[in-house]
Amino acid sequence: MRIYKKYSGIIVRYDNIDLSLDTSDYDTDLSFISHAHHDHLPIKVNRLYASRETIVLSSLRGFKYDTIIEIDKNLRMSNSGHILGSKLLMIKDKILYTGDICTRDRGFLKGAEPIECRVLIIESTYGVSYFKFPNLNELVNEANRIIRKNLDEGRHVLLMGYELGKAQLLTYIFKNYKLIIHDRIANINALYKNLGVDLYDYEALPLSIAESKNILKKEPQVIISPMSKSFEKNFKSKYNAVSIAFTGWAMSNRFDNYDYALPLSDHADYYELIDFVKKCNPDKILTFHGFTKEFASSLHELGFDASEISNDLRLDEFF
Ligand SMILES: [Zn+2]
Ligand SMILES: [Zn+2]
């Protein structure tokens, strides 16, 4: 049994099978894709294990896979709470891999549930104690206060987030404003609807149509937008507008160059990660992404056997 890092992802070798987890390395027997964010997608695969939503959302982004397996006796998926269709993977009932994970319920997304395991491979994007995200209701109230103030003062409001995942959550949470949707996001929203998640109960206008109808010249609007500085700049050159960036990094200074930044994250914060680990109660923990060293050392202090994932790790004692 070996677990090691390769490119942006991880390889698990068991029973003479190389299983790749979210890596661009496609030269393995089997690939698992936890969700459809770009940094997790290989350009091709030999055989793929992934959720239906992940396969559909990946194809919209130009990643098409043909050899898909639906059942494998060694593998089991469950909700990871990060975006639509995102999954945790249990390998041989022993190893749990989280991909990107969020344990908080948000809008139409349910948080991930912990599962007892022997080895836990867990992301640590926000794995330092500084990251404690606010309660969702408080955050939404704060956003509503900012939105209303700016609309009242005649400014458009750009609600900005990653195109896949965050933008759909923003659409859902703020649907009470008659939203205008950036065209690329409108395409993804339509796909969510096909996948059974109706984000609004009205016909939201794509931005290009709203512009062609001069709607933005008439009244201040709320627009769901990608997290893009160039889009924001271009938009502000035409209209009086403010931007609100929605990301966990709003707690750092990385998003200080937006008018407002609020920590609405699709990842677990430090405390939620710790809680998840405790409930999984593993014998061995491997951390990946972000604060790998820091999070492993926090877990170590709590009495866990934890380290960041390395280029070659043998775990024969577990199998
Ligand atoms: Zn992701
Ligand atoms: Zn990711």
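Side notes on the structure shown:
- Comparing Leu139, Leu199, Leu120 in a Gaussian network model of the chain where C-alpha atoms under 10 Å apart are linked, the largest mean-square fluctuation is found at Leu139.
- Think of the chain as a dipole: +1 on every Lys or Arg Cβ, -1 on every Asp or Glu Cβ, centred on the Cα centre; then among Ser58, Tyr130, Tyr26, Ser58 lies furthest on the positive end.
- Calculated [222 nm] ellipticity per residue, helices only, for the chain: -8000 deg cm²/dmol; basis is -39500 (n - 2.57) per DSSP H run with n ≥ 4, divided by all residues, nearest 500.
- Restricting region 116-214 to chymotrypsin sites (Phe, Trp or Tyr not before Pro) that sit in a DSSP loop and have at most 14 other Cβ atoms within 10 Å of their own Cβ leaves Tyr130, Tyr202.
- What you get for region 168-311, charging only the Cβ of Lys and Arg (+1) and of Asp and Glu (-1), is a dipole of about 760 debye around the Cα centre.
- With all protein chains modelled, accessible area of Asp72 [1.4 Å, Å²]: 30 Å²
- Neighbour cut-off at most 13 other Cβ (10 Å), DSSP loop, GluC sites (Glu not before Pro), region 167-269: Glu203
- Listed residue pairs exceeding 32 Å between alpha carbons, taken from Lys87/Lys132; Lys92/Lys175; Lys64/Lys236; Lys166/Lys293; Lys44/Lys233; Lys175/Lys213: Lys92/Lys175; Lys64/Lys236; Lys44/Lys233
- Only Lys, Arg (+1) and Asp, Glu (-1) charged, at Cβ; region 87-186 dipole about Cα centre in debye: 100 debye
- Annotation: amide H-H contacts under 5 Å for Thr247 (H modelled 1.01 Å from N, sequence separation of 5 or more, or interchain): Leu262, Leu264.
- Ranking Ser34, Ser230, Ser24 by solvent-accessible area of protein heavy atoms (1.4 Å probe, all protein chains present), from largest to smallest, gives Ser230, Ser24, Ser34.
- Placing +1 on each Lys and Arg Cβ and -1 on each Asp and Glu Cβ, with no other charges, gives the chain a dipole about its Cα centre of roughly 920 debye.
- Of Lys178, Lys218, Lys110, the one that fluctuates the most in a GNM where the chain has Cα springs shorter than 10 Å: Lys218
- Selected from Ile146, Ile95, Ile121 as most flexible by GNM, with the chain as the system and alpha-carbon contacts under 10 Å: Ile146
- Where the chain is the region considered: accessible area per residue in Å², 1.4 Å probe: 45 Å²
- Between the Cα long axis of helix 229-238 and the first principal axis of the chain there is an angle of about 10°, rounded to the nearest 10.
- Qualifying trypsin sites (Lys or Arg not before Pro) for region 1-96 [loop in DSSP, other Cβ within 10 Å: at most 13]: Lys64, Lys73
- Region 136-262, accessible surface, carbon-and-sulfur percent (1.4 angstrom probe): 46 percent
- Farthest towards the positive end of the charge dipole of region 197-243, among the residues Ile224, Phe235, Ser208, is the Cα of Phe235, using unit charges on the Cβ of Lys, Arg, Asp and Glu.
The values are calculated or read from the model by the stated rules, or taken from the named source; none is laboratory data. All values derive from a computational prediction rather than experimental measurement. Every residue, glycine among them, receives a Cβ derived from its backbone with ideal geometry; neighbour counts consider all protein chains shown. Areas reflect the complete protein model, heavy atoms only, side chains present, ligands, DNA and RNA absent. Shrake-Rupley method; radii C 1.70, N 1.55, O 1.52, S 1.80 Å.
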